[in-house]
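What follows is one structure encoded as structure tokens, with my remarks underneath.
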């Protein structure tokens, strides 16, 4: 079979999402986007989950991917089956120009059982296509499966001591469904291979570009869409793809009467490159704050496998904070910070730092307070001995996003967003996240995971310095934005 018609499992799944994506992958791989830090973190966590799931069926033989050709992996798998192996991890099979690796192949009491492991917390539609292809290939080489199952994370599991793999994972039997899909798999393969032998398919952009996965050819396929287009409208409202299909792409082309209030505001402000300042609204917000004024921000990490007692899969665990305190109006601003050491539960020392540094009667100013308040509630629940102090902090939390969300202060450069990453350059252009090694929460989360695995002290110091710099900018930005709001409110009084 021609090389371009040979398909792996991941390529088949790509083709099920979009034929053009598969075509570009096979013929023009150089057009792919770079993998982001957040995406890399997802890939890494999936690998960790797969290794842990092997403990559901301990004592198996692994067929490695690295260092062996496809033919050698297939040969090793067949040899282990012939020698009576009960469980094979990453069992490898080739049939009809298709190559699949089965996460766990187990010989049960009634025959062979296939287990596909995912780090998600539920069964998704794409999982059926994944397992159906594996079933097709194994049936083709004469392996009769009595079970075809999905193993996914049980997000209700709470760690207490060593990980209990049978409680961490949920096993869903999808055998009947994937058997019923076998004719569909065959038809899909015929269509994909026919497509790959022809010219690039003329498939326009659409919702399939991000469902079920973000496509890594978006940079290529979306290059004709201007930076400010119907797709940059914030929130729900007008059907963006319907506008696109009718040629209504640029802001100047959009029917204003069909936009909701928020989106119309965004478009009109952008077209005239204007701003909207409501001095009375700003004064009302600023008067709701008090001193000492603490600008505060958490950083968190998530893990599909809970790392510490009392935590659940994908729970947001606080590992860092930045704190800028102004004890009186017009007074100096002091900075405090905490960043956990790797591989220890960060929460006890983090709580100790907060309670020691945030004055009891302080106004705790956050940006989009629901995040910090939810984390504080979780800390109160997990550490009842500190509930009184944490509750005082929780009850004194105020939200700097309010004047921007209510449009008391808006500039067109925000592009409809209230995110601090968009608001800051609009009002304080000399401050920017652009030059930081870590510039968003996803990168901070990935940096923490890397820090927990890193052994080189030089690299550890560098990671810590980058994390501290990023988190400090979050609260330094809040200090500057608060000052900017005060200046805008005062200037209206002077006039």
- Item | Expected-Rg normalisation [2.2 N^0.38 Å, Cα atoms] applied to region 3-196 | 1.04
- Message: Taking 0.36 nm per residue of sequence separation and subtracting the Cα-Cα distance, how much length would be gained by fully extending the chain between residue 371 and residue 335, in nm to one decimal?
- Response: 10.8 nm
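In deg cm²/dmol and to the nearest 500, what is the mean residue ellipticity at 222 nm of the chain if only DSSP H runs of at least 4 residues count, each as -39500 (n - 2.57), divided by the residue total?
-13500 deg cm²/dmol
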- Compute the distribution of all C-alpha to C-alpha distances in region 120-183, in bins of 5 Å from 0, and list the percent of pairs in each, rounded to whole numbers. 4, 17, 24, 18, 14, 11, 7, 4, 1, 0
- Task: Using all C-alpha to C-alpha distances in region 308-433, build P(r) with 10 Å bins and read off the rounded percent in each one.
- Result: 11, 36, 34, 17, 2
- Note on the structure: When 317, 230 are ranked with the fewest other C-beta atoms within 10 Å first, the list becomes 230, 317
- Task: Any chance you could run the full-extension gain for residue 198 through residue 460? It's 0.36 nm times the residue separation minus the Cα-Cα distance, nm to one decimal.
- Result: 89.3 nm
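Which whole-number percent is the relative contact order of the chain (Cα, under 8 Å, 6+ apart)?
Relative contact order of the chain: 13 percent.
By count of other Cβ within 10 Å, fewest leading, how are 220, 295, 482 ordered?
220, 482, 295
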- Expressed as a percent, the portion of alpha-carbon pairs in region 82-122 spaced more than 12 Å apart is 65
- Chain lengthening between residue 245 and residue 166 when straightened (0.36 nm per residue, less Cα-Cα): 23.6 nm
- Query: Dimensions of region 280-494 along principal axes (Cα, Å, largest first)?
  - Reply: 57, 39, 30
- Relative to the longest principal Cα axis of the chain, at what angle does helix 369-382 sit, 0 to 90 degrees, rounded to 10? 70
- Item | When region 226-273 is reduced to its Cα atoms, the Kirkwood hydrodynamic radius in Å | 10.5
- Expected-Rg normalisation [2.2 N^0.38 Å, Cα atoms] applied to region 70-182: 1.11
- Query: Using r as the Cβ-Cβ distance of residue 398 and residue 10, and R0 as 51 Å, what FRET efficiency do you calculate, to the nearest 0.05?
  - Reply: 0.60
- Given (1) -0.72, -1.02, -1.33; (2) -0.51, -0.98, -1.38; (3) -0.38, -0.79, -1.47, the label whose value is log10 I(q)/I(0) by the Debye sum over Cα atoms at q = 0.07, 0.10, 0.14 Å⁻¹ derived from this model: (2)
- Beyond 20 Å, what share of the Cα-Cα pairs of region 369-438 remains, rounded to the nearest whole percent? 49
- Between 0 and 90°, nearest 10: helix 441-453 axis offset from the chain longest Cα axis: 60
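Every number in this text was worked out from the coordinates using simple rules, so none of it is lab data. It should be emphasised that the depicted structure is a prediction, and the values quoted were computed from it without experimental measurement. So basically every Cβ, Gly included, is an ideal-geometry build from the backbone, and we count neighbours across all protein chains shown.
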